1. Mind checking which strands (runs of 3 or more DSSP E) fall wholly inside region 59-160 and carry at least 2 residues that are surrounded by 13 or more Cβ atoms within 10 Å (Cβ to Cβ) and of a type in the set (Gly, Ala, Ser)?
2. Inside region 161-173, can you point out the residues that are farther than 18 Å from Ser16 by Cα and assigned to a strand (DSSP E or B)?
3. How many residues does region 14-70 contain that are farther than 28 Å from Asn166 by Cα and of a type in the set (Lys, Arg)?
4. Considering (1) in contact with a strand residue (DSSP E or B) (Cβ under 9 Å, 6 or more places away or on another chain); (2) at pLDDT below 95, say which one Arg124 fails and leave the rest.
5. Just to be sure I understand the filter: pairs with C-beta atoms under 8 Å, separated by 6 or more residues or on different chains, first member in region 108-122 and within 13 Å of Ile92 (Cα to Cα), second member of a type in the set (S, T, N, Q). Which pairs pass?
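The values are calculated or read from the model by the stated rules, or taken from the named source; none is laboratory data. All figures in this text were calculated on a predicted structure; none of them were measured in a lab. Cβ: placed from backbone, ideal geometry, glycine included. Neighbour counts: every protein chain shown.
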Amino acid sequence: MTDRKYVIDQMISAKSIAARIEELAKEIAGEFAGTDKLVVVGLLRGSFVFIADLVRELDLPVEVDFLEASSYGDGMESSREVRILKDLRGKIEGRDVLVVEDIVDTGYTLTHVTKFLATRKPARLRSIALLDKPSRREVPFTADWTGFTIPDEFVVGYGIDFAQRNRNLPYIGKVRFTEAV
C-alpha cells in the first residue's frame, strides 16, 4: 500500500494548529479549574504530538498517561473493531480525566475508549480531538472539544500517519494519490 505514489497538500498550517491549541487549553483549564491533578490520557499513536503541545499550554497540574487502541492497522479504512493494545499505567478512579485523540472519524474508537475508561469511575471524563470528520460518523460520538472540523479526506501530519509515515510533518495535510500501482 505504501508503494503507491502520493503527494500531500497542506490543509491546516502549523501556526493555525498552535493558535487553536492555545484557545482549547484555556477552555479546558476553565472546565477543570480547581482540580488537584488532571490525568491527560493520550490515545497512541496519533495523538502524541497533539498531547505534548496541549499539556504545555494547560495552566493546570497534569499527569500524562497513554492508552493504545487500534481500529485501522496500516489501512486507510477503519475495521470498526476496536482493540486495546496498551492499557493505562495509573489508576483514574475518582480523578479528572481528559482523553486526547488525533481524529474522530467513524466514532468507534472514542466511543469504545470512553466506555472502557468510564468503568473505572473517574470523577469527570472528557474528550478532545484535534480533528473531526462528522461526515464519516457511524456511531454517535461528539468530543467535548474539537480543534478543527474537516471534510472526508485522508490526512497525515502532526502525529497522524499513513502506514507509519508522515507523522513528523508540522502541519495537517491531505493525501492525494498520483498513480495506481
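1. Answer list for region 59-160: 62-70, 124-132.
2. Phe162, Arg165
3. Number of matching residues: 2.
4. (2)
5. Cβ pairs passing all conditions: Thr114/Ser127.
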